[in-house]
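Some notes on the structure that comes next.
The values are calculated or read from the model by the stated rules, or taken from the named source; none is laboratory data. Values in this document were obtained by computation on a predicted structure and should not be read as measured data. As a convention, Cβ positions derive from the backbone with ideal geometry for all residues, glycine included, and neighbour counts pool all protein chains shown.
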Amino acid sequence: YVSKLPLIQFSGKLEYLLQYPYGCLEQVTSRVFPLIYLSDIAKEIDPDVFKKADPAAMVQDGIRQIGTMQVQGGGFSLWPGGVEPEPWVSIYAAHFLVEARRAGYFVDDSLYSGAIEYLKSVAKAKPDYSTGELERAVYALYVLSRDGKPDISTMDFIRDRHMGELTVESRALLGGAYAAAGNAAALEELLKGLNDVEEVTRETGGNFNSTIRNRAILLLAILDVNPDDPRVPALVERLSRDVQLNAWWTTQESSFALLAIGQFVKKQSETPPYTGKVYLGDEELATFSSEATLSLPDIPGDKPISIKMDDGYKEGSAYYTLLTSGIPTRKGFKPVAEGLNVVREFLTRDGAPLDPGNIVQGDLVVVRTKIQSGSGKLENVVIENLLPSGFEIENPRLKTTETLSWATGDSVEPEYLDIRDDRILIFTDLPDAKWYNYYALLRVVNPGTFTVPPVQAEAMYSPNIRYTGKLENPFVVKMRQ
């Protein structure tokens, strides 16, 4: 892509959000939140994605999905069917609903009022806060102020009693809360002498802290108050550098970065006109101009790609990004084990190893998946158990003590199960570095020879922690006589 929009550098993050394969509350919210601010330029950022999709319709559908996860008290469960609110993500979803309603989207009154009541319960003043509680209280105060319901007394209480405990991004959110309530000077006072967030280790759960996410929150809060703040260009540059240096972003990081950069683009002056050409080797591939984003979805061959601007352009007026993707061949496939270990075994009902060359149509097969964290406690892990085509899921959640007397070891307790035709998706937390087991029962339904896809696992909020298993021998299923 070549575009006048600096946001084009983040087009891969937008595509990542829109195509993200799972659907917890955080992921549903992250998928559509940036589209509130980007709906009018989304088709320029990523024209291929939006050829058939309407950003506004996607936002409205996101509101509907979020509504299905609201629980008693107005908060939201992390997964459909849950009964307990997930604290940080409930505030995040409420933030989305507030901004969506402000932008003119329809949000049901009951859904909206429940979310606001939940924010008020989180934002209550208390003598002592844990670190996570204080972060959530400040975020809730910020969202309430954005909704026109500032809680000045609690804001003052936190500012007076807990100032030294606030992180840079929490100071920015508290300053943003004051600004939304009419006191724009408070942001500068709270951020005096502070130009960036602290480097932190990614949290795989809780408040989902990470350096990238927190930097985006800081930028977003500053832009809301003063787009000309001298810290803005440096923060934009750092986020752009983060894109180049770290390919493994989370949905939370991608969403907040797009929110912040989207606001930055909206507040910028018009870009000077330009024209130019894209070359593949010595061959001219396409021309472009500031009138529209150039999209080249399929570039053939392996020659070098170059971009040449025509005379008269102003430096910094055009931006480009190159996205590559592919599927590894069997020969080039490599297993990966980075911070997670997974062992998958196909067994008979008696617990014996399954002979891949001696399976009969109609057989029942137990699949045991064992997983271990390489770094202790790990939250929000997904295990993607891809299955051979000729197998159907008979029982996705065997109670081992009742049905498998030979099964031993600790069992995985799923937070959520997503059962599809060709896979079992297990979403869970790993409390420590022990091995945990998960059992499911399959039925062999079709004769033939079937590829066995590798098992995969990932810490969704630290995606560099991942596992992809080795390719296994094909299963040969004989017809039952």
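Among the listed residues Asp54, Asp48, identify the single one that is at pLDDT below 75 and either of a type in the set (Phe, Trp, Tyr) or surrounded by fewer than 17 Cβ atoms within 10 Å (Cβ to Cβ) (or both).
Working: Asp54 fails: at pLDDT below 75.
After applying the criteria, what remains is Asp48.
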Notebook entry, point to check: Residues that are touching a strand residue (DSSP E or B) at 6+ places or on another chain (Cβ under 7 Å) and under 30 Å from Asn209 (Cβ atoms): which strands (runs of 3 or more DSSP E) entirely in segment 349-433 hold 3 or more of them?
Noted result: 364-373, 378-386, 416-420, 423-430
Check: Which residues, taken from segment 60-91, are within 21 Å of Val382 (Cα to Cα), of a type in the set (S, T, N, Q) and surrounded by fewer than 21 Cβ atoms within 10 Å (Cβ to Cβ)?
Finding: Gln65
Notebook entry, point to check: When you go through Tyr105, Tyr129 one by one, which is the residue that is assigned to a loop (DSSP other than H, G, I, E, B), in contact (Cβ under 8 Å) with a residue 12 or more places away in the chain, touching a His at 6+ places or on another chain (Cβ under 9 Å) and in the same structural domain as Asp54 (by TED's automatic domain parsing)?
Noted result: Tyr129
Next item on the list: Considering each of Leu134, Leu97, Leu144 in turn, give the residue that is farther than 27 Å from Lys192 by Cα and aliphatic (A, V, I, L, M).
Entry: Leu97
Next item on the list: Being closer than 21 Å to Glu291 by Cα and β-branched (Val, Ile, Thr) is the filter; apply it to segment 1-41 and report the residue that is modelled with the highest pLDDT.
Entry: Val2
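Out of all the residues in segment 372-388, is one or more of a type outside the set (S, T, N, Q), touching a Pro at 6+ places or on another chain (Cβ under 7 Å), surrounded by fewer than 17 Cβ atoms within 10 Å (Cβ to Cβ) and not assigned by TED's automatic domain parsing to the domain that holds Asn207? It would help to see each step written out before you state the result.
Step one: of segment 372-388, the residues of a type outside the set (S, T, N, Q) are 374, 376-379, 381-384, 386-388.
Going one step further and asking which of them are touching a Pro at 6+ places or on another chain (Cβ under 7 Å), we end up with 377, 386.
Retained after the next criterion (residues that are surrounded by fewer than 17 Cβ atoms within 10 Å (Cβ to Cβ)): 377.
Now restrict to residues that are not assigned by TED's automatic domain parsing to the domain that holds Asn207: 377.
Yes, segment 372-388 has at least one match.
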Margin query: Being among the aliphatic types (A, V, I, L, M) and over 30 Å from Val89 (Cα atoms) is the filter here; which residues of segment 248-307 pass it?
Written below: Val278, Leu280, Leu285, Ala286, Ala292, Leu294, Leu296, Ile299, Ile305, Ile307
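Mind telling me which of the residues Ala115, Ala179, Ala184 ends up being farther than 27 Å from Phe76 by Cα and either among the basic types (Lys, Arg) or surrounded by 21 or more Cβ atoms within 10 Å (Cβ to Cβ) (or both)? Let's see the steps before the verdict.
Numbers: Ala115 fails: farther than 27 Å from Phe76 by Cα; Ala184 fails: either among the basic types (Lys, Arg) or surrounded by 21 or more Cβ atoms within 10 Å (Cβ to Cβ) (or both).
Exactly one residue qualifies, and that residue is Ala179.
Residues in segment 69-81: is at least one in contact with a Cys (Cβ under 6 Å, 6 or more places away or on another chain) and touching a residue at least 40 places away in the same chain (Cβ under 8 Å)? Walk me through it before giving the result.
Within segment 69-81, the first condition is being in contact with a Cys (Cβ under 6 Å, 6 or more places away or on another chain), and the residues that meet it are 78-79.
Cutting the leftovers down to touching a residue at least 40 places away in the same chain (Cβ under 8 Å) gives us 78-79.
There is at least one residue in segment 69-81 that is in contact with a Cys (Cβ under 6 Å, 6 or more places away or on another chain) and touching a residue at least 40 places away in the same chain (Cβ under 8 Å).
Considering only residues that are in a strand (DSSP E or B), under 28 Å from Asn246 (Cβ atoms) and among the β-branched types (Val, Ile, Thr), which ones fall in segment 437-471?
Residue satisfying the conditions is Thr468 alone.
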Next item on the list: Specify which of the listed residues (Leu144, Leu134) is at pLDDT 95 or above, crowded, with 23+ Cβ neighbours inside 10 Å and either not polar (S, T, N, Q) or not assigned by TED's automatic domain parsing to the domain that holds Gly74 (or both).
Entry: Leu144
Next item on the list: State whether the residues of segment 215-223 include one that is at pLDDT 90 or above, closer than 25 Å to Glu379 by Cβ and surrounded by fewer than 14 Cβ atoms within 10 Å (Cβ to Cβ).
Entry: no
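Name the residue, out of Thr324, Thr293, that is among the polar types (S, T, N, Q) and in contact (Cβ under 8 Å) with a residue 40 or more places away in the chain. If you could, list the steps in order and put the result at the bottom.
Working: Thr324 fails: in contact (Cβ under 8 Å) with a residue 40 or more places away in the chain.
The unique qualifying residue is Thr293.
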Note to self: Here's a check for you: in segment 187-214, which residue that is out of contact with any helix residue (DSSP H, G or I) (no Cβ under 9 Å at 6 or more places or on another chain) and over 25 Å from Ala93 (Cα atoms) is surrounded by the most Cβ atoms within 10 Å (Cβ to Cβ)?
What the structure shows: Lys192
Note to self: Checking the condition surrounded by fewer than 13 Cβ atoms within 10 Å (Cβ to Cβ) and over 30 Å from Ala103 (Cβ atoms), which residue from Lys308, Lys303, Lys277 passes?
What the structure shows: Lys308
